[in-house]
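The values are calculated or read from the model by the stated rules, or taken from the named source; none is laboratory data. Just so we're clear, the structure is a prediction, and the values are computed from it rather than from any experiment. All Cβ positions, even for glycine, are placed from backbone atoms using ideal geometry, and neighbour counts span all protein chains on display. Surface accessibility is based on the protein's heavy atoms, side chains included, excluding ligands, DNA and RNA. Shrake-Rupley method; radii C 1.70, N 1.55, O 1.52, S 1.80 Å.
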Amino acid sequence: MVIYKLNRVIDMRNIFSRMAQFMQGRYGNDKLNNFILAVAGILYLINLFARSSIMIVIILLLAGLTVFRALSTNINKRVYENHRFTELFTSVKDFFKRQYLKVRDFKTHRYIRCPYCKAQLRLKKRTGVQQIHCPRCGQDFKKNILF
């Protein structure tokens, strides 16, 4: 019994070392792959109720794309794709975060844009004309805050 368990541990080490040897020079996993798999998982959950054969094909194509990207040896292209995805995802995430902050701070603050550098500024809620100094570009401007 002990020898069987020992042989099994040795076999598992052998499998892991072979897998590591196979993955050498390949791209592996990244945020874009995780996002594609998450979309495929969500589509799969939707398909449990919709039962569409077209959606199954789309799910399989997305899963195949993640396997292709993970096993790809063109590392520079995969890094570029992941970089572009990360930039896009960050900008979308920041947009929704700003919208959340606007709703959260509605009673106490107002958010406006600098007319010169387009930076978003957070001001205390005071009605009337305010003299504003933009910390990003250093310009001064007036803004009428109605409510």
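Every residue in region 54-71 that is within 19 Å of residue 89 (Cβ to Cβ) and open to solvent by 60 Å² or more (accessible area, probe 1.4 Å), please. 65, the sole residue that qualifies. Within region 23-74, being β-branched (Val, Ile, Thr) and part of a helix (DSSP H, G or I) holds for 36, 39, 42, 46, 54, 56, 57, 58, 59, 66, 67.
The numbered conditions (1) open to solvent by 80 Å² or more (accessible area, probe 1.4 Å); (2) without any contact (Cβ under 8 Å) to a residue 12 or more places away in the chain; (3) in contact with a strand residue (DSSP E or B) (Cβ under 8 Å, 6 or more places away or on another chain) are all true for residue 102 except (1). The lone criterion from (1) basic (Lys, Arg); (2) modelled with pLDDT under 95; (3) part of a helix (DSSP H, G or I) left unmet by residue 77 is number (2). The condition (being modelled with pLDDT of 80 or more, over 25 Å from residue 85 (Cβ atoms), open to solvent by 70 Å² or more (accessible area, probe 1.4 Å) and of a type in the set (Lys, Arg)) is satisfied by just one residue among 8, 26, 51: 51. In region 34-48, the residues that are among the polar types (S, T, N, Q) reach residues that are open to solvent by less than 50 Å² (accessible area, probe 1.4 Å) with C-beta atoms within less than 8 angstrom, at least six apart or across chains, in these pairs: 47/55; 47/59. The listed residues are 108, 127, and the only one of them that is open to solvent by less than 90 Å² (accessible area, probe 1.4 Å), hydroxyl-bearing (Ser, Thr, Tyr) and modelled with pLDDT under 95 turns out to be 108. Among the listed residues 82, 144, 74, identify the single one that is open to solvent by 60 Å² or more (accessible area, probe 1.4 Å) and touching a residue at least 40 places away in the same chain (Cβ under 8 Å). After ruling out the rest, the residue left standing is 74.
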